[in-house]
Amino acid sequence: TTSTRRMDNMISDLVDSTRFESGQLVLKSKAINLKEFMRDLLERVKGVLDVTRVRVAGCQILPLVEADPDRLERITINLLSNALKYSPNDKRVEINFKVQGDKVVIAVKDQGKGIAATDLPYLFDRYYRVKASEEGLGLGLFITKRLVEAHGGRIWVESKLGEGSVFFFTLPVRGSV
């Protein structure tokens, strides 16, 4: 059920948060084809997330990236579930890929209300939630940022009220690490 999944995610967030603090997070990186990875991931989560609203686009030919598949799944699901949650049910969420030097930039774009400029600097802080009434611990984006950084990437957001948000993150191209 949705509440069971939400509780499981909260527990995972707490465990990962503790691992970051103690330096015990271990990545099991390997070469990943992002297009195949995304297709497989969307197929696996279609009973949990409304993947019919997700459109994957971008470069036809992408280099392999170096990443831990389980952690990459966590990053992607965190960003994708937020994008779906904050977009109207009749609007699409887009995932785009772009090669930029020795990195691949992944963008998750929603069509929600956007995020106030005053909230943007704090989005990736531990326990920060835009609305205090929102469910969750305020760890999702904190964990996502730490996982992206553990891969040697970076994460950022561009958003304007009334225009939606785009969350970007980078992963190293295989062999560039």
request  = Show the residue pairs that are 6+ apart or on different chains and have beta-carbon atoms under 6 Å apart, the first residue being within the stretch 40-67 and under 22 Å from residue 27 (Cβ atoms), the second being exposed (fewer than 14 other Cβ atoms within 10 Å of the Cβ) and aliphatic (A, V, I, L, M).
outcome  = 64/31; 66/177
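Considering each of 104, 157, 130, 108 in turn, give the residue that is closer than 20 Å to residue 70 by Cβ and out of contact with any helix residue (DSSP H, G or I) (no Cβ under 6 Å at 6 or more places or on another chain). Show your work before the answer.
Values: 157 fails: closer than 20 Å to residue 70 by Cβ; 130 fails: closer than 20 Å to residue 70 by Cβ; 108 fails: out of contact with any helix residue (DSSP H, G or I) (no Cβ under 6 Å at 6 or more places or on another chain).
Just one listed residue meets the conditions, 104.
So that you can scan it fast, the table gives a plain yes or no per residue for (1) in contact (Cβ under 8 Å) with a residue 60 or more places away in the chain; (2) farther than 15 Å from residue 34 by Cα; (3) surrounded by fewer than 17 Cβ atoms within 10 Å (Cβ to Cβ); (4) out of contact with any strand residue (DSSP E or B) (no Cβ under 9 Å at 6 or more places or on another chain):
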| site | (1), (2), (3), (4) |
| --- | --- |
| 76 | no, no, no, no |
| 89 | no, yes, yes, yes |
| 117 | no, yes, yes, no |
| 124 | no, yes, no, no |
| 127 | no, yes, yes, yes |
| 139 | yes, yes, no, yes |
| 142 | yes, yes, no, yes |
| 157 | no, yes, no, no |
| 161 | no, yes, yes, yes |
message = Among the listed residues 98, 145, 91, identify the single one that is in a loop (DSSP other than H, G, I, E, B) and either charged (D, E, K, R) or modelled with pLDDT of 95 or more (or both).
response = 91
task = Sort out which residues of the stretch 38-85 are touching a Phe, Trp or Tyr at 6+ places or on another chain (Cβ under 9 Å) and aliphatic (A, V, I, L, M), and write them in order of number.
result = 38, 56, 57, 62, 65, 67, 72, 75, 79, 83
remark   = For the stretch 82-110 the number of residues that are among the polar types (S, T, N, Q), within 16 Å of the chain's Cα centre (by Cα) and under 15 Å from residue 168 (Cα atoms) is 2
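The values are calculated or read from the model by the stated rules, or taken from the named source; none is laboratory data. Small disclaimer: the values here were computed from a predicted structure and weren't measured. Using ideal geometry, Cβ is built from the backbone for each residue, glycine included, and neighbour counts are taken over all protein chains shown.
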